[in-house]
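Presented below is the structure to which this report refers.
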Amino acid sequence: MIETVVSANMLIGEVMRVKKNHLAPDFPTGKEKRLCIVSGIHGDEVAGQYICYELIRRIKKDFDKLTGIVDVYPFVNPMGLEAQYRDVPVFDIDMNTLFPGSKDGTVGEYTAAKVMKDIEGADICVDVHSSSVYIKEIPQVRVNSDVASDVAPYAACMNVDVVWIHPSSTVMEGSLAHALNEIGVKSMVVESGVALKIDYDYSNQIVDGLFSLMKKMGIWQGDVEVQHKPKFAKDKDVEFVNAESSGIFLPVAKHSEYIQQGEIIGRIVNVLTGAVEETIRSPRNGIVFSLREYPVIEEGSLVARIFGGAHE
């Protein structure tokens, strides 16, 4: 892998190193709390690169306000980032299925094991993600229900719009967050925007949330700016809307805005005949917190998620 100054995992000969930006007070006591920020597990999630940069820049600007440890891992899948490819190129493996990894396993499993070992012992880890190229997400935190009682109080201060509590049965056991929670590192997943793009408003919202988290942990003495108080969602509060036709999706609803039951989310059109194949309406009142970004759509594809009250 190509070595860069601020990035992730390097394979040099047969020795792999995990590179990070280690930010700590000039005169540590040895009792500091430690926060880890991980990004770029998926190579097409470029917004995390900006979030890591802006977090580091702001900390360095007011370095005297830092009273704990912040370890930043900007991209764990640098090959994917260079190739603009979600998975690990060549091996074609989703890295977020390989944790906790194995020191005796494949290159991907060995990388996962090295990252796990380096993060081990941290108080909290935030795994930063974007959505795929198909769906745009509002800033949200996703938490496994098994650890919600421990993690939710920290997720609540992350300046996001929604904290989504997932049943443990739906959480990927090979994900970084799941593996870290298993070894006692409180972990949450932050997701926003869409792959291969940087939404600066969303990204700065998450950076503000990270400083709010640091404040709650007692490792940041500077001012914080929190403008969003999240609503907590469980699966019963979220409606998945899927296409029943194929074609081109033309949105009508606006991402992140409120929609009423029966209002039009969008239409699927046939570009050959000029016909509207399907008019998609909201099944409930709520916020459009996921919306189709990539217009080419197949039957069964996810169009939107609506977070709100029950059917009326």
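The values are calculated or read from the model by the stated rules, or taken from the named source; none is laboratory data. Just so we're clear, the structure is a prediction, and the values are computed from it rather than from any experiment. Here Cβ is always computed from backbone atoms with ideal geometry, including for glycine, and neighbour counts include all displayed protein chains. Just so you know, the surface numbers come from the protein's heavy atoms only, side chains and all, with ligands and any DNA or RNA stripped out. Shrake-Rupley method; radii C 1.70, N 1.55, O 1.52, S 1.80 Å.
Protection proxy ranking of 172-179, 230-237, by the mean of other Cβ atoms within 10 Å over each peptide's residues and highest first, is 172-179, 230-237. Taking the charge dipole of the stretch 1-231 about its Cα centre, with +1 at Lys and Arg Cβ atoms and -1 at Asp and Glu Cβ atoms, the residue from PHE99, VAL171, GLY68 reaching farthest to the positive side is GLY68.
For the stretch 87-215, the spread of Cα coordinates along the three principal axes comes to 40, 32, 27 Å, biggest extent given first. Tell me the carbon and sulfur percent of the accessible area for the chain, rounded to whole percent, probe radius 1.4 Å. It is 51 percent, rounded to a whole number. For the listed residue pairs LYS65/LYS215; LYS20/LYS114; LYS61/LYS136, the alpha carbons are over 20 angstrom apart in LYS61/LYS136.
For ARG281 and SER168, the FRET efficiency from 1/(1 + (r/R0)^6), where r spans their Cβ atoms and R0 equals 45 Å, is about 0.90. Given contacts defined as C-alpha pairs under 8 Å and at least six residues apart, what's the relative contact order of the chain, whole-number percent? This gives 17 percent for the chain. Hey, how much of the P(r) for the chain falls beyond 27 Å, as a percent of Cα pairs? The proportion of pairs with Cα distances above 27 Å equals 44 percent.
Magnitude of the charge dipole for the stretch 1-160, about its Cα centre and with charges confined to Cβ atoms of Lys, Arg (+1) and Asp, Glu (-1), is about 520 debye.
Accessible area per residue for the stretch 1-231 is 44 Å², calculated with a 1.4 Å probe on protein heavy atoms, without ligands, DNA or RNA. Evaluated with a Cβ-only charge set (Lys, Arg +1; Asp, Glu -1), the chain carries a dipole of roughly 840 debye about its Cα centre, given to the nearest 20.
Each residue, SER149 and SER246, gets one label point 7 Å from its Cα in the Cβ direction; the gap between the two is 4.9 nm.
Tell me which cysteines of the chain come out unpaired when the rule is another cysteine's Cβ under 4.7 Å. Cysteines of the chain left without a disulfide-compatible partner: CYS52, CYS157.
Counting 0.36 nm for each residue step from PHE63 to ASP235 and taking away their Cα separation leaves a gain of 57.9 nm. Close amide H contacts of GLY105 (hydrogens built in the peptide plane, cut-off under 5 Å, sequence separation of 5 or more or a different chain): TYR110. Dipole orientation for the chain: of the candidates PRO295, GLY30, CYS125, GLY30 has the Cα lying most toward the positive pole (charges on Cβ; Lys, Arg +1; Asp, Glu -1). The helix-based estimate of mean residue ellipticity at 222 nm for the chain, built from -39,500 (n - 2.57) per DSSP H run of four or more residues and divided by its residue count, is -6500 deg cm²/dmol to the nearest 500. Relative to the longest principal axis of the Cα atoms of the chain, helix 200-217 runs at roughly 50 degrees. Kirkwood radius, the stretch 236-305, all distinct C-alpha pairs, inverse of mean reciprocal distance: 12.0 Å. In the stretch 236-305, Cα pairs under 8 Å separated by at least six residues give a relative contact order of 43 percent. Heavy-atom accessible surface of the stretch 236-305, averaged per residue, reaches 52 Å², computed with a 1.4 Å probe. Remark on the stretch 139-297: Rg and Dmax equal 18.3, 62 Å (Cα only). For LYS216, the aspartates and glutamates whose Cα comes closer than 14 Å to its Cα, not counting residues fewer than 8 places off in the same chain, are GLU32, ASP123, ASP150, ASP208, GLU225.
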